[in-house]
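Right, one structure below, let's go through it.
The values are calculated or read from the model by the stated rules, or taken from the named source; none is laboratory data. Note that the structure is predicted; figures quoted are calculated from it, not measured. Reconstructed Cβ throughout: ideal geometry from the backbone, glycine too, with neighbour counts over all protein chains shown. The area values use the complete protein model at the heavy-atom level, side chains included, leaving out ligands, DNA and RNA. Shrake-Rupley method; radii C 1.70, N 1.55, O 1.52, S 1.80 Å.
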Amino acid sequence: MSSTAKINHHRINGQILPQPCTHLAEFRSTNESRPFRAFQDCLRVKPPGGRAAIRREPNEVPHCGACGDAARARLYACVSCASVSCYAPSGPLHAVLHAESMPPGHEIAVDVDRAELFCCACRDQVYDRDFDAAVVLAQTAASTLGLSSSSSTSATEVASVIRFQHPANLRKRRRVDYRPWEPDLRERTLVENGSSPLERPDKAPEFPRGLRGLNNLGNTCFMNSVLQALLHTPPLRNYFLSDRHNRYFCQDRSNVSAAASASASAGVNASRRKVAVTTTNTDSNGKSRNCLACDLDDMFSAVFSEDRMPYSPAKFLFSWWQHAANLASYEQQDAHEFFISMLDGIHEKVDKDRRKPHSQGNGDCCIAHRVFSGILRSDVMCMVCGFTSTTYDPCVDISLDLEPNQGGSGKMSSTKAGHPCNGEAGYTNSRQHTGTSTLMGCLDRFTRPERLGSDQKFFCQQCQIRQESLKQMSIRKLPLVSCFHIKRFEHSSIRKTSRKVDRYLQFPISLDMAPYLSSSILRSRYGNRVFPFDEDEPDASNDLSSEFELFAVVTHSGKLDAGHYVTYLRLCNQWYKCDDAWITRVNENIVRAAQGYMLFYVQKMLYYKASEKQVAR
């Protein structure tokens, strides 16, 4: 970007927005009434979901009027005289020469392939809200006019929908600036009076604080592996260690609720009142029953104490059995199924306490879903008329196939209502490929458009009949912590058999999720627009960073019915193997060679890179 464009910005409501350059402002003042009307008939859109372009005729091949080139550099059409010239930063400058050789007013041009404004004097892209609004509205209208995918739509065909004017329903993006917390005078006094300095050991500890083994209580390695990952999830760890969920206060609130419920039933006979109190606050033995969050708070306190002996999560296992009665046994369970069930148990407890349901997709929810919950976007586009149906679904993880589909979509995510684990409609991966699977490749397939079969036709509201469609998934909102579940266990309802996919998956330490966001995928479809063209809600993908760091890997070794779960944790830039009660330091190459089953990534802005070993002063 040129130095002229860099300073050509202004701030509105804490958000930096580009403003028109002086040449664009002069052009608009000279042509006050519809300054871009010359290009209204040349605006072409190819449904379904095509980009906008500038063409006099649908099949026209534009070329530079000076050199005749049509491929090497970008082509720009002057908005004043419609002359087409080429421009490249390190190549031909015919667009710039055209602007310099003409009277004032010929500096503004439009990219003929992207329909984006360009200032030949500033040599940079410029932004005009009215122009971009017209282009996006043209694309939206083109998808609802009922045209075939082989035709192109000009602006005159959508004149009843498009007007080159200020759109009233486009909302500005809202960005919340990150501000580090600093204690005020009162908080500093409380910290100083209520704390004591930590004793520095003469010798540095062998393992980081909080790294403690978990005893196997009988085929409970599935639980231990997930708990180790959760105990070292930065946002979850900070929440419980800062006493945000106090188990003693939670139990007191439960007792008060039970007492209030008993008082309200004073008119009922004593036996019924006793049953009501027992059901609310005790188990079948008459003992107090804690929520899963309370037991997790107890576990955080124990694990992050100075005790290095292995910890037995028997209390947590019993509480989880009460929530998932169908899984209450000492048989080996699926780690991913346990992860989803545990988050549900915490979430349902919050719903009961607050007396109202809370959606996973927003911030007003339990800590489990505030950390792990994101939003998926699903676009289903009619292949006949281009009408697009968009739905949003909350998810706490994303399930990915190791291999390309063999007759199914293979795209799955776990949500609050129903948590499919490993696909039940036959073997989605029917054959082994020789190539190496990568996590980025799995995400590419997850967000790749796929044509639904004739047996999956959806009802098009524009055509009023069922039509073949194109479906594409994307990530509308990223969670603080992304959990990727690799589908290694396959179940065939046809053959009534199950098997495990023993295939290597290559995964990165640092992961950029930007290519898989809805904003990126829609931008590739509609072009590089400054304002959000998805008008249902502000662009949620920009609230947080798209860069993630790997901090935990849950692996599975062995067969489907006789296997073992192990977790690798990344602490202080060192990897540790958590094999139930045994904790050992391992090399990063061992982690990369492991058979990943669940991968946990935390947003880079929340991953505090540990410093080198501290030396006692």
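Between residue 464 and residue 331, the contour length at 0.36 nm per residue exceeds the alpha carbon distance by 42.8 nm. With θ taken as phi - 60° and the Karplus curve 6.51 cos²θ - 1.76 cosθ + 1.60 applied, the whole-hertz 3J(HN,Hα) list for the range 385-392 is 10, x, 4, 10, 9, 10, 10, 10 Hz, x standing for glycine and proline. Within the full protein context, the accessible area of residue 195 is estimated at about 70 Å² for a probe radius of 1.4 Å.
Under 5 Å from the amide H of residue 21 lie the amide H atoms of 127, each residue being 5 or more positions distant or on a separate chain, with H modelled from the backbone and absent for Pro and chain starts.
Here the 3J(HN,Hα) profile of the range 463-468, calculated from phi with Karplus coefficients 6.51, -1.76 and 1.60 at θ = phi - 60°, is 7, 6, 9, 7, 10, 5 Hz, Gly and Pro shown as x.
Computed from phi, the 3J(HN,Hα) profile of the range 306-321 under the Karplus parametrisation 6.51, -1.76, 1.60 (θ = phi - 60°) reads 7, 6, 9, 5, x, 9, 9, x, 5, 5, 5, 4, 5, 5, 5, 4 Hz, with x in place of Gly and Pro.
Rank these by accessible area, largest first, 1.4 Å probe: 377, 55, 499.
499, 55, 377
Accessible area ranking (1.4 Å probe, heavy atoms, ligands and nucleic acids excluded), largest first, for 564, 245: 564, 245. Under 5 Å from the amide H of residue 66 lie the amide H atoms of 86, each residue being 5 or more positions distant or on a separate chain, with H modelled from the backbone and absent for Pro and chain starts. At the residue level, residue 584 shows approximately 70 square angstrom of accessible surface with a 1.4 angstrom probe and all protein chains present.
Note on residue 365: accessible area is roughly 0 Å² with a 1.4 Å probe, heavy atoms of protein only.
Apply the a/c threshold of 1.5 to the C-alpha gyration tensor of the range 74-127 and tell me whether it is rounded, prolate or oblate.
Since a/c stays below 1.5, the shape of the range 74-127 is classed as rounded.
With a 1.4 Å probe rolled over the protein heavy atoms of all chains, the accessible area of 577, 559, 500 falls in the order 559, 577, 500, largest first. Taking amide H atoms as placed 1.01 Å from N in the peptide plane, the amide H of residue 216 lies under 5 Å from those of 581, each 5 or more residues away in sequence or on another chain. Descending by average beta-carbon neighbour count within 10 Å, the peptides 224-233, 295-304, 332-341 line up as 224-233, 332-341, 295-304, the highest first. Farthest toward the positive end of the dipole of the range 63-141, out of 63, 82, 131, is the Cα of 63, where the dipole comes from beta carbon charges about the Cα centre. For the residue pairs 487/604; 315/559; 487/577; 487/559, the alpha carbons lie more than 24 Å apart in 487/604; 315/559.
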